[in-house]
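The block underneath contains the structure these notes are about, expressed in structure tokens.
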Amino acid sequence: MTLRSSAARAAPGEIVTYGIGDLAFNLIWTTMLTYLVYYYYTETCGIRAEVAGLIVLGARVTNVVLDPLAGVVVDRRQFGRKARPLLMWGAVPLGILTWLAFTTISDDVATRTIWAAVTYCTLCGAYSLVNTPYGAMTTLISDDEAVRGRLAVSRMIGATIGMLLVGMVTLPLVDALGQGSRAAGFSRTAAIYGVLVAGGLLLTGRVCRERAGGDPLRASFGEIVQTLASNRAWLVVTFSMGLNMIGQTFLFGMTPYYVLKVLLRPDGESGLLLTVLNILFLAGSLVALPLALRIGSRMALLLGATGGGVLLLLLDVLPQSMPVTFWTMAAAGLLLGIAAPMSYVLLADSADIDSSGKTVAGVCYAANSAVCKISFGIGGYLMTLLLASEARSTAWLIQRGFVDVSAATFLLSGLILFLYPRIRSREAMAA
């Protein structure tokens, strides 16, 4: 990690508050990832798995347009007000849409399917328009790489806490609030999450400040595309993060099926594996910055991603038992936790390498976010195809999806970092 001396510092309270923003976003993201398709769409609303998968994939494809559009809006705004106002304006609508996406309006399956498609696509669109300014703030709050590292770690801690909360309390809340009706329970739980989402994002926008970013960016769409296409650092880190997202989709989404079909245990025990994975992921995020200061952000990311992939591959040769799976996933979670915040540090730095001296934080983050969301959609759709086939009763195919697909994508996401260029500090570039 190359440290830069800069006046663009951030107070500890500001760094912590920035992490609260990702906690809020993960109340939405993790709920969608874990419960929307399988527990809510298929089991509660009666929507067929392959149709639910198409809804998810279709909504993610819209991010090809919406995320870059949001990024352009951020970069064209005035210095000091590029992202924060957009974050605050979108907080309340995003909270309301979170509730609507988990609320049914009819007992008819066809009507529920149409409502699901409309509300999910709208939620994903709003998520893009609000999450893109939030992500760009890693670059805009400070141009000091050490500060960016702390911001990235803070957001990973917030994200992991959000994931843990969703994993631990969602289904108990659904059952408690629904009083026998899963549909009512999901709606009321989502309403609570919506309030927390709006409050958390308003707090983040209120406390955090923008100290970097430069003047408004004036460029045509073609020039923006050319800027990204020629940015090798951005291309490498974006491809790495996209592969990582596919791996996460298979690892998290197939855990219940692996427990049930391969380990021959009740699928409810998957919650234990997901909890330990998230806790060790959090521990890895805390270790990431000290490690990066010693070996560099790129090497820390490479080590974490490839190490996590190798450990998961061991599940193909180790005895298939709950204790072995528990400890293997715990160790993999620690390494993957090291990789996660470093991805955002490298992404933030990739926005600073334009030779003209312009910072394109919004565009870089937005296009990266679009790729990651499309990767999530692709991974989710491929997984639903697997689960819709005879694989639902075939332990061998469940093993391939849970272990081999996730491990291979994590490995590749790390190895591609060998192509990431050395980025000179701003002072060196100016010299």
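Read the figures in this text as sums done on the coordinates, not as results from a lab. Just so it is clear, the structure is predicted and the values come from calculations on it, not from any experiment. Please note: Cβ atoms are built from the backbone with ideal geometry, for glycine as well, and neighbour counts cover all protein chains shown.
Axis of helix 109-141 versus longest Cα principal axis of the chain: the two differ by about 30°, to the nearest ten degrees.
Of the peptides 296-305, 95-104, 150-159, the ranking by mean beta-carbon count within 10 Å, highest at the top, reads 150-159, 296-305, 95-104. Translational diffusion of segment 66-164, estimated by Stokes-Einstein from the Kirkwood radius over alpha carbon pairs at 4 °C in a medium of 1.567 mPa s, is 84 µm² per second.
Dividing the mean sequence gap of close Cα pairs (under 8 Å, 6+ apart) by how many residues the chain holds gives a relative contact order of 27 percent.
Across Leu277, Leu202, Leu385, mean-square fluctuation computed from a Gaussian network of the chain (C-alpha pairs under 10 Å connected) peaks at Leu385.
Computed from the Cα positions only, the extents of segment 269-375 along the three principal axes stand at 56, 33, 22 Å, in decreasing order. With the convex hull drawn over the C-alpha atoms of segment 33-120, the volume per residue is 96 Å³. Helix 12-31 and the longest principal axis of the Cα set of the chain meet at an angle near 30°. What's the long-distance tail for segment 259-307, i.e. % of Cα pairs beyond 13 Å? Counting every Cα pair in segment 259-307, those more than 13 Å apart make up 65 percent. The alpha carbons of segment 121-276 occupy a box of 55, 36, 32 Å along the principal axes, longest dimension given first.
Compute the relative contact order of segment 149-294 as a whole-number percentage, counting only Cα pairs closer than 8 Å that sit 6 or more residues apart in sequence.
Numbers: 66 pairs, mean separation 52.6, N = 146.
The value is 36 percent.
The helix-only estimate of mean residue ellipticity at 222 nm for the chain, built from DSSP H runs of length n ≥ 4 each weighted as -39500 (n - 2.57), is -24500 deg cm²/dmol after division by the residue total.
Plainly put, segment 193-352 has a radius of gyration that is 1.06 times its Kirkwood radius, both from alpha-carbon atoms, as the Rg/Rh ratio.
Using equal-weight Cα scatterers in the Debye expression, the normalised intensity of the chain in log10 at q = 0.12, 0.13 Å⁻¹ is -0.96, -1.13.
Computed from Cα positions, the angle between helix 322-350 and the longest principal axis of the chain comes to roughly 30 degrees. Taking 0.36 nm per residue of separation and subtracting the Cα-Cα distance, full extension of the segment from Ala110 to Val195 would add 27.7 nm.
Going from the residue with the fewest nearby Cβ atoms within 10 Å to the one with the most, Cys45, Cys208, Cys121, Cys364 rank Cys121, Cys45, Cys208, Cys364.
When the Cα positions of Ala101, Met88, Ala117 are compared along the charge dipole of segment 72-127, Met88 comes out farthest toward the positive end, with charges on each C-beta of Lys, Arg, Asp and Glu. Considering only Gln399, Leu165, Ser369, and ranking their Cα positions along the charge dipole of the chain that arises from unit charges at the beta-carbon of Lys, Arg, Asp and Glu, the one farthest toward the positive end is Ser369. When the chain is described by a simple charge dipole with +1 on each Lys and Arg Cβ and -1 on each Asp and Glu Cβ, the residue from Leu382, Leu282, Ser154 located farthest towards its positive end is Ser154.
Across segment 302-328, no residue has a backbone nitrogen under 12 Å from the label position 7 Å along the beta-carbon direction of Met168. Available extension along the chain between Phe79 and Ala184 is 33.3 nm, counting 0.36 nm per residue and deducting the alpha carbon span.
3J(HN,Hα) along segment 86-93, derived from phi through the Karplus expression 6.51 cos²θ - 1.76 cosθ + 1.60 where θ = phi - 60°, amounts to 5, 4, 6, 5, x, 4, 5, x Hz, with x in place of Gly and Pro.
Inter-part distance, segment 159-200 to segment 60-87, computed on C-alpha centroids, equals 29 Å. The slack in the chain from Thr103 to Leu293, taken as 0.36 nm per residue of separation less the alpha-carbon distance, amounts to 63.8 nm.
When Lys373, Lys261 are ordered from fewest to most other Cβ atoms inside 10 Å of their Cβ, what list results?
Result, fewest neighbours first: Lys261, Lys373.
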